[in-house]
Amino acid sequence: MIYLRKANERGHANHGWLDSWHTFSFANYYDRDFMGFSALRVINEDRVIPGEGFGTHPHKDMEILTYVLEGNIEHKDSMGNKENVPAGEFQIMSAGTGITHSEYNPNSDKGLHFYQIWIMPNTVGITPRYDQRRFDTTVSKQLILSPDARDGSLKVFQDMTLWRWNLKKGEEAQYQAETGRHVWLQVVKGKITINDIIATTSDGVAIANEDMIHFVGDEDSEILLFDLPPVTA
């Protein structure tokens, strides 16, 4: 099964200061067919105008990943962290027993563009924690998230991995997930062909029960590949 989630079919909300596209049901956007995918609960692509942002708000028992594409985020939380997350960096936060945080675009003349991704944890009630990291963009394939923080990746409390793939035009790659597992591909930029399905910037692709995933960069492209646990009833 390969399903193409086109970017322009996502939920959309424009609040003036925030322009947000929702891959899955979120806030006032509800679609019973898109409540999440395996352990993925939220994939929001957000743009925030200069000087605006999300005020202090709570989270609990959720793994929250932020990937900044343009601009930078000023992050503050109830753990005492006050950090700047510039373009190209990933930030992971385990809400665990409960945290509050805020996220702002501190720039006066530059917009902020980022993905915020919520992952349901397989362990609840943990002590909240925070981490962020920049990965080498010259490497074609990089491990970003893993449950054991191997190979310099960020730790996530879930049986999953996240890979970032940078593909040159014409470059081919393949990925084989273990039997029963699910894969989500998010096209950050560019255009790729996945098992004969074409996906472009901001499209998502849900994959299950495929022996081998083959993809090729139809142009210089960047994708996020989530290897996710089987769906349980």
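A few notes on this one:
- In segment 84-133, the qualifying residues are those that are of a type in the set (Lys, Arg) and over 13 Å from His59 (Cβ atoms), and the one that is surrounded by the most Cβ atoms within 10 Å (Cβ to Cβ) is Lys110.
- Looking only at residues of segment 172-199 that are surrounded by 16 or more Cβ atoms within 10 Å (Cβ to Cβ) and of a type in the set (D, E, K, R), we find that the one that is modelled with the highest pLDDT is Lys191.
- Segment 36-65 residues that are assigned to a loop (DSSP other than H, G, I, E, B), paired with ones that are aliphatic (A, V, I, L, M) and buried (at least 20 other Cβ atoms within 10 Å of the Cβ) (beta carbon under 7 Å, 6 or more apart): Ser38/Leu228; Ala39/Ile119; Ala39/Met160; Ala39/Leu228; Lys60/Ala95; Asp61/Ala95; Met62/Ala95
- Cβ separations smaller than 8 Å between residues 6+ apart or across chains give the following pairs from segment 146-166 residues that are under 20 Å from Gly125 (Cβ atoms) and touching a residue at least 60 places away in the same chain (Cβ under 8 Å) to residues that are of a type in the set (D, E, K, R) and open to solvent by 20 Å² or more (accessible area, probe 1.4 Å): Lys155/Asp131; Lys155/Asp148.
- Selection status of Asp136, assigned to a helix (DSSP H, G or I), open to solvent by 70 Å² or more (accessible area, probe 1.4 Å) and acidic (Asp, Glu): no
- Any pair with Cβ under 9 angstrom, 6 or more apart, that starts in segment 73-100 at a residue that is more than 24 Å from Gln158 (Cβ to Cβ) and ends at one that is in a loop (DSSP other than H, G, I, E, B): Glu74/Asn105; Glu74/Pro106; Asn84/Pro106; Pro86/Gly71; Ala87/Gly71
- Looking only at segment 200-226, and only at residues there that are touching a helix residue (DSSP H, G or I) at 6+ places or on another chain (Cβ under 9 Å) and either not in a loop (DSSP other than H, G, I, E, B) or not polar (S, T, N, Q) (or both), the one that is surrounded by the fewest Cβ atoms within 10 Å (Cβ to Cβ): Thr200
- Criterion (closer than 24 Å to Lys6 by Cβ and among the small types (Gly, Ala, Ser)) met by exactly one of Gly190, Gly152, Gly180: Gly190
The values are calculated or read from the model by the stated rules, or taken from the named source; none is laboratory data. The structure displayed is predicted, hence computed values, not measured ones. Note that we place each Cβ from the backbone using ideal geometry, even for glycine, and neighbour counts take in every protein chain shown. These accessible areas exclude ligands, DNA and RNA; they are computed on the full protein's heavy atoms, side chains included. Shrake-Rupley method; radii C 1.70, N 1.55, O 1.52, S 1.80 Å.
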